[in-house]
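Written out below as C-alpha cells is the structure these notes cover.
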Amino acid sequence: MDLNIAEIHAHLEREAQVREKIKDEVLELEKKIRSMTGTLNKIHSTLPKDVPALLSTVRPTLLMCRSHSARLAELVPPNQFWRWKELWSKHLQSAVFVATLIQFLESGTLLSLPDINQTLGIQAGWADRFYIQIEDYLHGCRYFTLISSPYTDYTCVAVISLINELSRLAVNMVTLGSYDAPFRISAFTKDLAAGFSLLNLKNDLLRRRFDSIKYDLKKIEEVVYDVSLRNLNAPIQAPALATSPTQPPTCYGTSSSRTAQSLAATTEAADSRPPLEAPELLGAAEQSGEPQQAAPSA
Amino acid sequence: MVAASRDHILTIFKDFSTTLDDHNDRKERLVKIARDITVLSKRIIFLLHRIPIPGHNHGPNGVGERGISNIGGTDEAYVKLEGMKKLLQAMSEQLQGQEVERYSAMISPGLQEYIEALSFAHYLRHKVLISYNEVKSYLPPIIPLPYSDYLLGVSDLTGELLRWAISAIGVDGPSRQKATEVCTFVRTCSADIEALTPYVRGLSRKQGITTESLKKIEFGTSIARFAVSSWRS
C-alpha cells in the first residue's frame, strides 16, 4: 500500500471516530426528544385547562437539550456542519417541533428561529458546526408553529410538522368538548399556509411536505364547519390562546355536550395522578397512563 | 392580535423566501456546471481510447485511422484537461463564501468524472495511479476534494482500463504485454482500495465492478496467451 492510500486511510479513520462520537451524543439527544414527543402526545386527550400542567413536565427536558447542543458543537470540527448534519437533522427537526408546539399551546403564536435557538441553547457562533437550518424549522412547524432564523430550510420543515399535528388536535379537542380550539387552530394554520405560499419551492422534499398542508387545512376546516353547523362554538373572545389556564373554555357546561362532559370527567380522572417530576421517568409513566387515556378518546 | 400574528408569520417567511431562492439558484447553476464538466470529461476519456495502441496499422504519416497521432494522444488530452480549468473556476466562484459541503451532492458527479479522465490520462502517460495531492493540484483551492470523490473517481478508472486492455489484447506484440501490465495495476488498485471501502458510501459497489473488470482482463490475457501458443504450435 503506497503512501497516498495510507494517508487517506488514516484520515478516513479519524473521521470515522468523529462520526461515532457525534452519533453517541445524537442518540442521547434523541432519547430526550422522544420522551418529550411521547408526553406531548397526551395533548390530544387532555382538556385545555390541564395542558399547562402537562407542558410544565416537558419544559425541563427541553431545556436539558442545551447540554447536548453544547457537546455537539464541541464535537463537530470547524466548518464541517454540512459534513455531519444528516446525523442530527431529523432529531433537531423534532426538537423544533416540540418547542414550537409548546409555544403554540402556551400563547398561540409561532416561535421564531432565533427563539428556538435560544431555547435549545444554540449559539450564533456555532453556525459553522451546529445550528438549526431553515428547512428543518419548516418541517418541524408542520405540527404547530414556525421558527424564524437565517437558516430557512430547517425551519420550514419543523413548521410543516406543526401543522400536521394541529389538524389532529383540532379533531381531538372537539371530542373533548373544547369547541373553540378548532377556530384558533384554523386561523393560525391558515396564517402559516399563507407564509408558505411566499416561498418558491423546488420539487424537493420540502415541496412534497408542503403539499400535505392543504389536507390538514381541509381537515381543520371541516371540523370548524361541523362545529359551526351545530352551533357548538361560543363566540370567540381571544383567538390567541388555544389553552389559556385562566380562561377555561366555557363550552363544557352546555347541555348539548353531555357526552363531551362525561368524556371530560374520565379524562380528568386519568390526569389527576401526581405530576411527573423526573424527566427520565416520563417515558415509563406515559406508558402506564396510556390505557386509562385511551378509553375516553376512543 | 390576529393581524399582528399574521404579519409576524409573513415577515418570517419573506425572509426565508430570499434565502431559499438564493440556495436553489446556486444549486441549479452548480448542477449545470457539473454536467458540463461530466460531458467534457467523458469526451477526454473517449479521446484517450482513440489513441492508437502500438502495433496497430497506422496511416502514412504515423497517424492512426481515427486521425490521432500515437505520440501526441495524451498531450491533447492534457491540453483539454487544462482547458477545463475555466469550468472548475466557474464552479469555485459559485462556491465562494458558501458552505461548500452543502453543495457536494451537486458537484460530486462532475468532480468524479473529471478525476476519472485525469487518472486515465495519468496512467497512460506515467503507468501509475495519480495521487490525491496530484488531483488536488488541478482544482481551484476553493473546491475541496473529498477523499470519497477521489476514491470513487479512481475506482471508475478500472472500467476504462478494462476497455483499453481488451483492445490492446487484440494487437500482437508489445501491446499484449501492456494488457498484462494493466492487469497487475488494476489488481493492485483493487487491493489498496479494498481496505477503504467501509469508510466511503458507494465504494463497495464500485469495488464489485472493479473485481468484475479485473476478472475480464485476466480472462482476456489468458485467452490471448492460449490463442498465441496454439497458433504458434
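Any read-out appearing in this document is the output of simple, stated calculations on the displayed coordinates, not a laboratory observation. Given the structure is predicted, the values throughout are model-derived calculations rather than measurements. Positions of Cβ are backbone-derived with ideal geometry, glycine not excepted, and every protein chain shown enters the neighbour counts.
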When each of A:Lys90/B:Lys42; B:Lys86/B:Lys216; B:Lys42/B:Lys206; B:Lys42/B:Lys136 is checked by Cα-Cα distance, pairs over 29 Å: A:Lys90/B:Lys42; B:Lys86/B:Lys216
Ratio of Rg to Rh over segment B:146-233 (Cα coordinates, Kirkwood Rh, two decimals): 1.08
Mean separation of Cα contacts under 8 Å (6+ apart) over length of segment B:146-233, as relative contact order %: 39
Candidate lysines for bridging to A:Lys214, where Cα separation is under 16 Å - those fewer than 8 sequence places away on the same chain excluded: A:Lys190
For peptides A:43-49, B:132-138, B:8-14, sequence by mean Cβ density within 10 Å, most packed first: A:43-49, B:8-14, B:132-138
Spatial separation of Cα centroids for segment B:76-129 and segment B:154-206, in angstrom: 21
Listed peptides B:36-45, A:97-106 by packing density, highest first (mean Cβ within 10 Å): A:97-106, B:36-45
C-alpha center-to-center spacing [segment A:90-121, segment A:9-43] in angstrom: 19
Peptide-level mean, for A:7-13, of C-beta atoms on other protein chains within 10 Å: 5
Reachable aspartates and glutamates from A:Lys49, criterion Cα separation under 18 angstrom, eight or more residues apart if same chain: A:Glu106, A:Asp180, A:Glu268, A:Asp271
Shielding score for A:188-197, defined as the mean number of other chain Cβ atoms within 10 Å: 4
Whole-Hz ³J(HN,Hα) from phi, Karplus 6.51 cos²θ - 1.76 cosθ + 1.60, for segment B:116-122, glycine and proline x: 4, 4, 5, 6, 5, 4, 4
Inter-chain Cβ neighbour average for residues B:191-200, partner chain, 10 Å: 4
Whichever lysines have a C-alpha closer than 19 Å to that of A:Lys85, once near sequence neighbours (fewer than 8 apart) are set aside: A:Lys21, A:Lys23, A:Lys31, A:Lys32, B:Lys27
